[in-house]
1. If Rh is defined by the Kirkwood formula over all Cα pairs and Rg also comes from Cα, what ratio Rg/Rh do you get for region 122-277?
2. Once the piece of chain linking ASN148 and LEU345 is laid out straight, how much longer is it, given 0.36 nm per residue of separation minus the C-alpha distance between them?
3. How about LYS42: which aspartates and glutamates have a C-alpha closer than 17 Å to its C-alpha, ignoring those fewer than 8 places off in the same chain?
4. Name the chymotrypsin sites (Phe, Trp or Tyr not before Pro) in region 279-321 that are in a loop by DSSP and that have at most 14 other C-beta atoms within 10 Å, would you?
5. Rounded, prolate or oblate, given the Cα gyration tensor of region 178-246, with a/c below 1.5 counting as rounded?
6. Please identify every one of the trypsin sites (Lys or Arg not before Pro) in region 271-348 that sits in a loop by DSSP and has no more than 14 other beta carbons within 10 Å of its own beta carbon.
7. Given the Cα-Cα distance of ILE250 and ASN47 and 0.36 nm per residue of separation, how much length would full extension add, in nm?
8. With a ≥ b ≥ c the root eigenvalues of the C-alpha gyration tensor of region 1-142, is it rounded (a/c under 1.5), prolate (a/b larger than b/c) or oblate?
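The values are calculated or read from the model by the stated rules, or taken from the named source; none is laboratory data. What you are looking at is a predicted structure, and each value in this text was computed from that prediction instead of being measured. Neighbour counts run over all protein chains shown; Cβ positions are idealised from the backbone, glycine included. What goes into the accessible areas is simple: the full protein's heavy atoms, side chains included, and nothing from ligands, DNA or RNA. Shrake-Rupley method; radii C 1.70, N 1.55, O 1.52, S 1.80 Å.
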Amino acid sequence: MPTHRVKVNPVEIPRDFRLDLYRGFALWLIFLAHVPGTILNKITPWNYGFSDPAEVFIFVSGYANAYVYGRVMEQRGFVVAGAQIVRRTFETYVAQMFLFVVFIGEVAWLSHGSDAFDDAMNIRILHERPDESILAVLQLKFMPVNMNVLPLFIVVLAASPVILWLLRKAPALALAVAAAVYAAANLLGLNFSSFPHGSWYFNPLAWQLLFVLGAWCGLGAADWVWSLVRSRLVLILAAVYALSVFAVFIALDRLNLGAFVPDWTTHAFGKTNLGVLRLVHFLAIAIVVNRLIPRDWPPLTWRVLRPPILCGQHSLEVFCLGVTLAFAGHVAVVGTPGSAIIRFLVAVAGIAVMVGVSALMNWYNSTHVSIRIVADAANGKVNVVEPPGTS
């Protein structure tokens, strides 16, 4: 059958480079967190507050998901937008499976076939019970070290078509449901089970609240919310809370007061269930940053911020790359104890590779080529199929 030109009317969405910038920096910090002992670890935010780049990644992902697919849903309907989200979810799932295979091969290669890193990377069970482990990987129940963020993202992304639809139709109800699920996860201890025992490190039933809040903001939230966020009083309260937490962390570190912190408070800023103090700390920082970095912030066009923006534009690929680089850096750090220069170079080299791969992918995306398919060369009839562009 002869093919005809495919006409696509794109949904035009202005790019918000702040999202790319935040995700890029979050990916850098996540990588640095997984390469212990470097001097750059001292500047990472988890040393000075409850929240860390994981909150940035999930919130910005929710915002970007709604910012893009919410407009697709508005112009093309629920089915088209939902299909695009399902495709993205499947891509992320395949990335998790591919990353697992590469990661296991990397561990085996860099450990020279020994089991020196099996316990540290949480993969010993793979050698002891391989059939069950592989099945658990496919079910997102078995996660080696540093590979537990994508399963959380897969779950919240899979649920996002319904979340976006409900946020557009009844935002108050959507937020109430998300808050109720979050409360149930914290009060009743609800979580997904993992293999061979225990539960997910990032509880999707709790972390979905942050994703939903990001999606709500990505859809525009409500007018009164933005007027409240931009008010001087809220800004002052957010800044005071963030600075107070910073001062507390400095005191705990310098004066060794961690032993005096009551055990029951750890649940309030715990990571698994996104403790309420952790959530409030992130929101406070987000309010301050939103005020300091508007959408038309001139430095967003500066060359010095181009590297993190590039990484943020290819967040899935860069995250997977960061996991493999982090283990290689871990091996290098373990093999050179006491060498601060080597550890610093490992951290810098890892970020340089992430930026280089992002730039290469950006170049590939810019070389869009239309493909001409000749249906009937004898009669001189040429039909053209131009695949739709992607952004």
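1. 1.05
2. 68.3 nm
3. Counting by Cα, and skipping residues close in sequence, LYS42 has these aspartates and glutamates nearby: ASP52, ASP253.
4. For chymotrypsin sites (Phe, Trp or Tyr not before Pro) across region 279-321 that sit outside H, G, I, E and B with at most 14 neighbouring Cβ atoms in 10 Å, the list reads TRP302.
5. Judged from the Cα gyration tensor, region 178-246 comes out prolate (a/c at least 1.5, a/b above b/c).
6. Working: sites: LYS271, ARG278, ARG291, ARG295, ARG303, ARG343; in loops: LYS271, ARG295.
Passing sites in region 271-348 are ARG295.
7. Once the chain is fully extended between ILE250 and ASN47, it gains 72.3 nm.
8. Values: a/c = 2.67, a/b = 1.42, b/c = 1.87.
Judged from the Cα gyration tensor, region 1-142 comes out oblate (a/c at least 1.5, b/c at or above a/b).
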